[in-house]
1. So, of the residues in segment 102-126 that are small (Gly, Ala, Ser) and in contact with an Asp or Glu (Cβ under 9 Å, 6 or more places away or on another chain), which turns out to be farthest from Ser89 (Cα to Cα)?
2. Only one of Leu17, Leu24 is on the phi < 0 side of the Ramachandran plot, at pLDDT below 95 and touching a strand residue (DSSP E or B) at 6+ places or on another chain (Cβ under 8 Å); which?
3. If I filter segment 20-37 for residues that are part of a loop (DSSP other than H, G, I, E, B), more than 23 Å from Gly98 (Cα to Cα), touching a Leu at 6+ places or on another chain (Cβ under 7 Å) and in contact (Cβ under 8 Å) with a residue 24 or more places away in the chain, do I get at least one hit?
4. Among the residues of segment 60-70, is there at least one that is among the acidic types (Asp, Glu), in contact with a helix residue (DSSP H, G or I) (Cβ under 9 Å, 6 or more places away or on another chain) and either touching a residue at least 60 places away in the same chain (Cβ under 8 Å) or on the phi > 0 side of the Ramachandran plot (or both)?
Amino acid sequence: MEQTINILVIDDEQIVLDSVRKQLHGEDCSVQTVLSVEEALVLLDQTRFDVVMTDLMMPHVDGLELMQIIKERFPDILVIMMTGYATISSANQATQQGAFGYVAKPFTKAELKEVVRRALEQVKRR
């Protein structure tokens with residue numbers, strides 16, 4: 001039986017959430033989306049997720065802070081950072097702090113699917 005991969009996507013823009021959900025439709029995963037870190041933390045306590053995709057720049061708690069919370073509380077979850085403010089420095093910082101992947105917005109369908117495909121392969125190897 002095929003393992004179901006659960007992905008949680010966090011972004012403060014509904015259009016980004018809708019785009020990610022649409023682009024990942026039909027892939028080997030289940031996608032849930034939320035508009036805030038607060039909503040994400042509630043869902044993370046209630047549901048098992050394999051991958052979290054989070055925006056880097058959000059109100060109240062940014063993506064790096066959220067990633068640290070996830071790494072402390074849910075160390076098996078892979079975190080993929082998304083940002084519209086992509087720089088080599090921010091990519092390096094995210095990776096050094098434990099991000100599995102990094103994708104710059106606006107991303108293409110191919111870019112999104114590639115980083116998710118790599119994450120799914122890692123999850124399935126567990």
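The values are calculated or read from the model by the stated rules, or taken from the named source; none is laboratory data. Just so we're clear, the structure is a prediction, and the values are computed from it rather than from any experiment. Neighbour counts are summed over all protein chains in view; Cβ atoms, including those assigned to glycine, are modelled from backbone coordinates with ideal geometry.
1. Initial filter on segment 102-126 (small (Gly, Ala, Ser)): 104, 110, 119.
Narrowing the set further to residues that are in contact with an Asp or Glu (Cβ under 9 Å, 6 or more places away or on another chain) leaves 104, 119.
Numbers: Ala104: 13, Ala119: 22 Å.
Residue satisfying both the conditions and the ranking: Ala119.
2. Values: Leu17 fails: at pLDDT below 95.
On inspection, the qualifying residue turns out to be Leu24.
3. Step one: list which residues in segment 20-37 are part of a loop (DSSP other than H, G, I, E, B), which gives 25-29, 35-36.
Okay, now just the ones that are also more than 23 Å from Gly98 (Cα to Cα), so 25-28.
Narrowing the set further to residues that are touching a Leu at 6+ places or on another chain (Cβ under 7 Å) leaves 28.
Adding the requirement that they be in contact (Cβ under 8 Å) with a residue 24 or more places away in the chain leaves 28.
There is at least one residue in segment 20-37 that is part of a loop (DSSP other than H, G, I, E, B), more than 23 Å from Gly98 (Cα to Cα), touching a Leu at 6+ places or on another chain (Cβ under 7 Å) and in contact (Cβ under 8 Å) with a residue 24 or more places away in the chain.
4. Of segment 60-70, the ones among the acidic types (Asp, Glu) are 62, 65.
Then keep just the ones that are in contact with a helix residue (DSSP H, G or I) (Cβ under 9 Å, 6 or more places away or on another chain); that gives 62, 65.
Then keep just the ones that are either touching a residue at least 60 places away in the same chain (Cβ under 8 Å) or on the phi > 0 side of the Ramachandran plot (or both); that gives none.
No; the residues of segment 60-70 include none that is among the acidic types (Asp, Glu), in contact with a helix residue (DSSP H, G or I) (Cβ under 9 Å, 6 or more places away or on another chain) and either touching a residue at least 60 places away in the same chain (Cβ under 8 Å) or on the phi > 0 side of the Ramachandran plot (or both).
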